[in-house]
Amino acid sequence: MNKQLNDLLEIAKKASNNAYAPYSLFKIGAALLTESGEIFTGCNIENASFSLTICAERVAIFKAISNNNLKFSALAIYVQSDKAFPPCGACRQVINEFSKDLNIIYGNNKQTIITNINKLLPDSFSL
Ligand code: THU
């Protein structure tokens, strides 16, 4: 599993090059592996009206959903920064909508952290 997650992080790293982040300068890429084996990538896309910005993770998830892939097995998030960041709260809630047990790897060129949505969003809200 770890090899698969590290490979997915490499794909997220490539996707981070497509980030449109002229305001924060945080270029983030995501790669989402579906249960059927497909990979959907995303990057953050910012806007001069800041609140319209969308995170890399949600771009990848929405691409998968809109292509009729609702079952995910892993998500990788790569940031071009000295510090690695886990997904934000909004993205955690969106992940939780589709998977309560998603493996997540996040990192940069110095460190990688492997975790799970059930650790990042305990006692989650679901209907
Ligand atoms: N960002 C992501 O792409 N994913 C996250 O989980 C947190 C934040 C982006 C949004 C914005 O373009 C930049 O990082 C700084 O917040």
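The values are calculated or read from the model by the stated rules, or taken from the named source; none is laboratory data. Not measured: the values here are computed from a predicted model. As a convention, Cβ positions derive from the backbone with ideal geometry for all residues, glycine included, and neighbour counts pool all protein chains shown. Accessible surface is based on the protein model in full, side chains and every heavy atom, while ligands, DNA and RNA are left aside. Shrake-Rupley method; radii C 1.70, N 1.55, O 1.52, S 1.80 Å.
In the chain, what percent of the accessible surface is made up of carbon and sulfur (1.4 Å probe, ligands and nucleic acids excluded)?
Within the chain, the accessible surface is 53 percent carbon and sulfur.
Which longest run of the chain has no exposed loop site in it, a site being GluC sites (Glu not before Pro) in a DSSP loop with at most 15 other beta carbons within 10 Å, and the site itself not part of the run?
That would be 39-127.
Work out from phi, with θ = phi - 60° and the Karplus expression 6.51 cos²θ - 1.76 cosθ + 1.60, the ³J(HN,Hα) of each residue of the stretch 90-107, listed in order in whole Hz, and give x for Gly and Pro.
Computed from phi, the couplings for the stretch 90-107 are 5, 5, 4, 5, 5, 4, 4, 4, 10, 8, 9, 9, 8, 6, 10, 10, 9, x Hz.
Residue-wise, which Karplus ³J(HN,Hα) couplings in Hz belong to the stretch 30-44, taking 6.51 cos²θ - 1.76 cosθ + 1.60, θ = phi - 60°, and x for glycine or proline?
Those phi angles translate into 10, 9, 10, 9, 8, 4, 7, x, 7, 10, 10, 9, x, 9, 6 Hz.
Give the shape of the stretch 1-71 as rounded, prolate or oblate, defined through the alpha-carbon gyration tensor: a ≥ b ≥ c are the square roots of its eigenvalues, a/c under 1.5 means rounded, and otherwise the shape is prolate if a/b is larger than b/c and oblate if not.
oblate
Taking amide H atoms as placed 1.01 Å from N in the peptide plane, list the residues 5 or more away in sequence, or in a different chain, whose amide H sits under 5 Å from that of F72.
Correct list: E35.
Where the only charges are on Cβ atoms (+1 Lys, Arg; -1 Asp, Glu), what is the dipole of the chain about its Cα centre, to the nearest 20 debye?
180
If you plug each phi of the stretch 47-59 into the Karplus form 6.51 cos²θ - 1.76 cosθ + 1.60 with θ = phi - 60°, what whole-Hz ³J(HN,Hα) values come out, in order, with x for Gly and Pro?
8, 4, 8, 3, 5, 7, 4, 10, 6, 4, 4, 5, 4
So if R0 is 25 Å, what FRET efficiency would T112 and N67 give, r being the distance between their Cβ atoms, rounded to the nearest 0.05?
Approximately 0.40, to the nearest 0.05.
Take every Cα pair under 8 Å in the chain that's 6+ residues apart, average their separations, divide by the length, and report that relative contact order as a whole percent.
Over the chain, the number comes to 22 percent.
Where does the chain land at 222 nm, in deg cm²/dmol rounded to the nearest 500, when only DSSP H runs of n ≥ 4 count, each adding -39500 (n - 2.57), divided by all residues?
-9000 deg cm²/dmol
Under a 10 Å cutoff between Cα atoms, tell me which one of Y78, Y106, Y20 has the largest fluctuation in the Gaussian network model of the chain.
Result for the chain, Cα springs under 10 Å: Y20 fluctuates most.
Can you list which of the trypsin sites (Lys or Arg not before Pro) found in the stretch 15-98 are DSSP loop residues with at most 12 other C-beta atoms within 10 Å?
Those satisfying the criteria are K71, K83.
How many Å² of accessible area per residue for the chain, probe 1.4 Å?
55
Determine, for the chain, the count of lysine pairs separated by eight or more sequence positions (or lying on different chains) whose alpha-carbon distance falls under 16 Å.
Eligible lysine pairs with Cα atoms under 16 Å apart amount to 12.
Residues with amide H under 5 Å of T53's amide H, sequence separation 5 or more or different chain, H placed in the peptide plane at 1.01 Å from N; which?
HN-HN under 5 Å from T53: N47.
Mind listing the Cα extents of the chain along all three principal axes, in Å, largest one first?
Cα extents, longest axis first: 34, 33, 29 Å.
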